[in-house]
Amino acid sequence: MDSKKSRTNLRRTARKPIRRRGMLRVASLMEAAAAVIAERGYESATMAEIAARAGAQIGSLYRFFPHKEVLADALIHRYGELINAAFGKIESQAASSSVDALADSLLDVLVELHDESEAVIALLEARSEWSVKRAELSKAVLRSIAQILRLRSPQLRPQTATDIAVVLLHNMKTMKTLTFEQGIVTSPGATAELREMNRLYLASKLSKKRP
């Protein structure tokens with residue numbers, strides 16, 4: 001009986017609020033969850049600590065997220081939406097942007113989403129079964145970057161755009177590391193150097209005439 005009840009609970013999903021007040025409460029709870037998980041890791045984070053960080057009653061948290069796995073799925077889903085929105089904005093301006101502006105906007109995506117990405121990384125590394133979601137997220141990011149590149153330079157072959165996207169994604173991750181991580185060997189001008197390198201790299205690739 002108990003095991004059947006447990007399986008039923010695990011199938012429950014996040015409750016979607018209808019009213020603005022509920023939406024604001026859910027946003028606050030998810031922001032708190034992202035902060036706690038980024039700091040402590042998924043397994044160490046507790047629902048009680050997340051509720052306390054949000055300044056909410058524990059019952060309010062369980063009302064919208066019946067258990068921690070549901071909350072984790074919601075955070076991963078929200079991160080995907082944020083990534084899509086960020087790339088969508090760049091995509092809408094890709095055809096008219098200068099190469100330097102395009103290079104900079106791509107380089108800044110993970111920096112601007114740092115808080116959310118730290119929580120999602122902690123989630124995706126916490127359990128082996130979530131490795132599939134991590135791979136899907138990486139592939140989606142690469143597809144978005146490649147699409148942006150082909151909008152800016154339609155002559156690019158699909159595989160070439162994907163290859164360039166892989167390099168750009170590594171540069172984006174490096175920019176986030178240089179900007180936020182402590183204890184690494186760096187200098188005040190390192191981010192500026194990476195930005196210039198990224199501009200020159202992208203200019204060299206998009207300026208070439210390709211069949």
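Every number here is computed from the coordinates shown, using simple stated rules; none is lab data. Because the structure is a prediction, the values reported are computed rather than measured. Ideal geometry is used to build each Cβ from the backbone, glycine not excepted, and the neighbour counts take in all protein chains shown.
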Exercise. Which of rounded, prolate, oblate describes segment 13-66, given a ≥ b ≥ c as roots of the alpha-carbon gyration tensor eigenvalues and a/c under 1.5 marking rounded, otherwise prolate only if a/b is larger than b/c?
Worked result: prolate
Problem set entry | Cα-based radius of gyration of the chain once divided by 2.2 N^0.38 Å, which approximates compact folds | 1.19
Seminar exercise, completed: Helix 158-180: inclination vs the chain longest Cα principal axis, degrees, rounded to 10, gives 60 degrees
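Once fully extended, how much extra length lies between residue 21 and residue 173, figured as 0.36 nm per residue of separation less the alpha-carbon to alpha-carbon distance?
Numbers: separation 152, 0.36 × 152 = 54.72 nm, distance 3.56 nm.
Extra length available between residue 21 and residue 173 comes to 51.2 nm.
Suppose the chain between residue 95 and residue 126 were pulled fully straight at 0.36 nm per residue; how much longer would it get relative to their current alpha carbon spacing? The partial results should precede the final answer.
Details: separation 31, 0.36 × 31 = 11.16 nm, distance 3.91 nm.
Roughly 7.2 nm would be gained on extension.
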Problem set entry | For the chain, with +1 on Lys and Arg beta carbons and -1 on Asp and Glu, the positive-most of 83, 52, 188 along the dipole | 83
For this session: Past 24 Å, Cα to Cα, is the threshold; run 89/139; 16/176; 133/176; 16/173 against it and keep the listed order.
Result: 16/176; 16/173
